[in-house]
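Notes for the one structure printed next.
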Amino acid sequence: MKPIVDLLDSTLRDGAQAEGISFSVEDKLNIVRKLDELGLSFIEAGNPGSNPKDLEFFRRAAQLPLKRAQLAAFGSTRRKNTAVEEDENVRALLAADTELIVLFGKAWALHVKDILCTTPEENFSMIEDTCRFFRERGKRVFFDAEHFYDGYRADPDFALEALAAAARGGAECLVLCDTNGGGFPDDIYAATRAVCERFTLPVGVHTHDDGGMAVANAVMGVRAGASQVQGTYLGFGERCGNADLSTLIPNLQLKLGVRCIPAENLHLLTAAARHIAEVCNV
């Protein structure tokens with residue numbers, strides 16, 4: 001039996017941060033239909049806490065008759081020193097009314113100290129509290145460990161404890177993010193392997209292309225044991241972009257024998273690329 005990797009497409013969230021990209025609600029609905037037709041597992045469709053237009057999208061997207069893909073709302077853990085029930089971004093995520101929530105939180109001690117200006121203990125509580133808040137309300141939770149690979153390089157124990165906090169809170173997948181896009185394939189492999197050996201939960205990878213290695217890094221993450229890959233179709237996104245799923249799918253499925261989408265849908269790859277490029281005016 002072929003190994004299976006679930007793909008999470010972030011074209012509508014990470015891709016929307018690319019220079020020159022601006023999606024209308026209709027654009028986003030059109031892209032969701034095409035990605036679902038292709039057979040992707042998950043579609044990260046926006047951050048309702050940062051963009052009121054996304055709430056309108058989620059309301060309309062709930063009526064789409066999707067065949068395979070599951071929509072996810074994306075947002076951050078609660079703010080420091082704030083009860084999770086009172087956090088505005090958390091409430092906006094709940095209002096999106098998706099079954100799946102993708103939460104991001106800090107996995108680099110440097111950011112906790114210099115950006116959040118809080119303690120490690122509060123950071124871990126922010127992660128655990130927010131994951132548990134959504135799990136107790138019947139939601140599925142994926143935890144995106146922001147800057148994981150940089151954090152792991154600087155302080156492995158801290159980065160791993162951030163993942164452990166998410167696991168305690170009920171997250172069902174731990175996603176390791178190369179947020180700066182500066183990781184090298186061998187480093188991505190080693191850190192991902194260490195996480196897969198430490199935790200029994202599924203592990204995902206989310207790679208950026210600032211060093212030109214996002215697809216290679218994602219492939220190495222899969223070889224190290226990751227069972228979820230996040231990226232964008234055509235690879236555009238913030239700064240230099242994300243792992244390009246239109247490249248990654250055939251590399252994994254045709255060359256490595258890792259099933260990402262139904263085999264009968266592989267012939268749709270080029271048509272999907274052209275359709276999404278046209279919607280994006282790229």
Original post:
If you take the residues in segment 101-115 that are among the β-branched types (Val, Ile, Thr) and crowded, with 18+ Cβ neighbours inside 10 Å, which one is farthest from the chain's Cα centre (by Cα)?
Top reply: 112
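Test of understanding: among 247, 232, which residue is free of Cβ contacts under 8 Å to residues at least 60 places away in the same chain and hydroxyl-bearing (Ser, Thr, Tyr)?
Values: 232 fails: free of Cβ contacts under 8 Å to residues at least 60 places away in the same chain.
Checking each option against the conditions leaves just 247.
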Original post:
Looking at segment 249-280, which of the residues that are assigned to a loop (DSSP other than H, G, I, E, B) and either of a type in the set (A, V, I, L, M) or in contact with a Phe, Trp or Tyr (Cβ under 9 Å, 6 or more places away or on another chain) (or both) is surrounded by the fewest Cβ atoms within 10 Å (Cβ to Cβ)?
Top reply: 256
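Residues in segment 223-236 that are out of contact with any strand residue (DSSP E or B) (no Cβ under 7 Å at 6 or more places or on another chain) and open to solvent by less than 10 Å² (accessible area, probe 1.4 Å): how many? First the steps, then the outcome.
Taking segment 223-236 as the starting set, the residues that turn out to be out of contact with any strand residue (DSSP E or B) (no Cβ under 7 Å at 6 or more places or on another chain) are 223-224, 236.
Of the ones still in play, those that are also open to solvent by less than 10 Å² (accessible area, probe 1.4 Å) are 224.
Matching residues across segment 223-236 total 1.
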Subject >> Residues of segment 205-219 classified as buried (at least 24 other Cβ atoms within 10 Å of the Cβ) and part of a helix (DSSP H, G or I), total >> reply: 4
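Table: residues versus (1) out of contact with any His (no Cβ under 9 Å at 6 or more places or on another chain); (2) assigned to a loop (DSSP other than H, G, I, E, B); (3) closer than 17 Å to residue 8 by Cβ.
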| residue | (1), (2), (3) |
| --- | --- |
| 162 | yes, no, no |
| 182 | no, yes, no |
| 193 | yes, no, no |
| 231 | no, no, yes |
Original post:
Out of 43, 4, which single residue is among the hydrophobic types (A, V, I, L, M, F, W, C) and surrounded by fewer than 16 Cβ atoms within 10 Å (Cβ to Cβ)?
Top reply: 4
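Residues checked against (1) under 18 Å from residue 141 (Cα atoms); (2) modelled with pLDDT under 90:
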position	(1), (2)
58	yes, yes
63	no, yes
69	yes, no
72	yes, no
75	yes, no
78	yes, no
81	no, no
86	no, no
96	yes, yes
Subject >> Residue match in segment 167-189 (condition: more than 14 Å from the chain's Cα centre (by Cα), open to solvent by less than 30 Å² (accessible area, probe 1.4 Å) and of a type in the set (S, T, N, Q)) >> reply: no
**OP:** Output the qualifying pairs, or none if there are none: Cβ atoms under 7 angstrom, residues six or more apart or on different chains, first residue in segment 60-72 and on the phi < 0 side of the Ramachandran plot and part of a loop (DSSP other than H, G, I, E, B), second residue modelled with pLDDT under 90 and charged (D, E, K, R).
**Re:** 62/97
Original post:
From 128, 161, which residue is over 22 Å from residue 193 (Cα atoms) and out of contact with any strand residue (DSSP E or B) (no Cβ under 7 Å at 6 or more places or on another chain)?
Top reply: 128
Subject >> Residues of segment 11-40 satisfying the condition of being part of a loop (DSSP other than H, G, I, E, B) and either open to solvent by 20 Å² or more (accessible area, probe 1.4 Å) or among the hydrophobic types (A, V, I, L, M, F, W, C) (or both) >> reply: 12, 13, 18, 19, 20, 21, 22, 23, 24, 40
Original post:
Do we find that residue 193 is in contact with a helix residue (DSSP H, G or I) (Cβ under 8 Å, 6 or more places away or on another chain) and among the basic types (Lys, Arg) in this structure?
Top reply: no
Subject >> Candidate set from segment 171-180 (those that are assigned to a loop (DSSP other than H, G, I, E, B) and in contact with a His (Cβ under 9 Å, 6 or more places away or on another chain)); member that is nearest to residue 101 (Cα to Cα) >> reply: 179
**OP:** Take segment 119-143 and flag every residue that is open to solvent by less than 30 Å² (accessible area, probe 1.4 Å) and either touching a Pro at 6+ places or on another chain (Cβ under 8 Å) or β-branched (Val, Ile, Thr) (or both).
**Re:** 127, 130, 141
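The values are calculated or read from the model by the stated rules, or taken from the named source; none is laboratory data. Note that the structure is a prediction, hence the values are computed from the model and not measured. A quick note on method: Cβ atoms are made from the backbone with ideal geometry, for glycine too, and the neighbour counts reach across all protein chains shown. Each accessible area value is taken on the protein alone, full model and side chains, heavy atoms only, with ligands, DNA and RNA left out. Shrake-Rupley method; radii C 1.70, N 1.55, O 1.52, S 1.80 Å.
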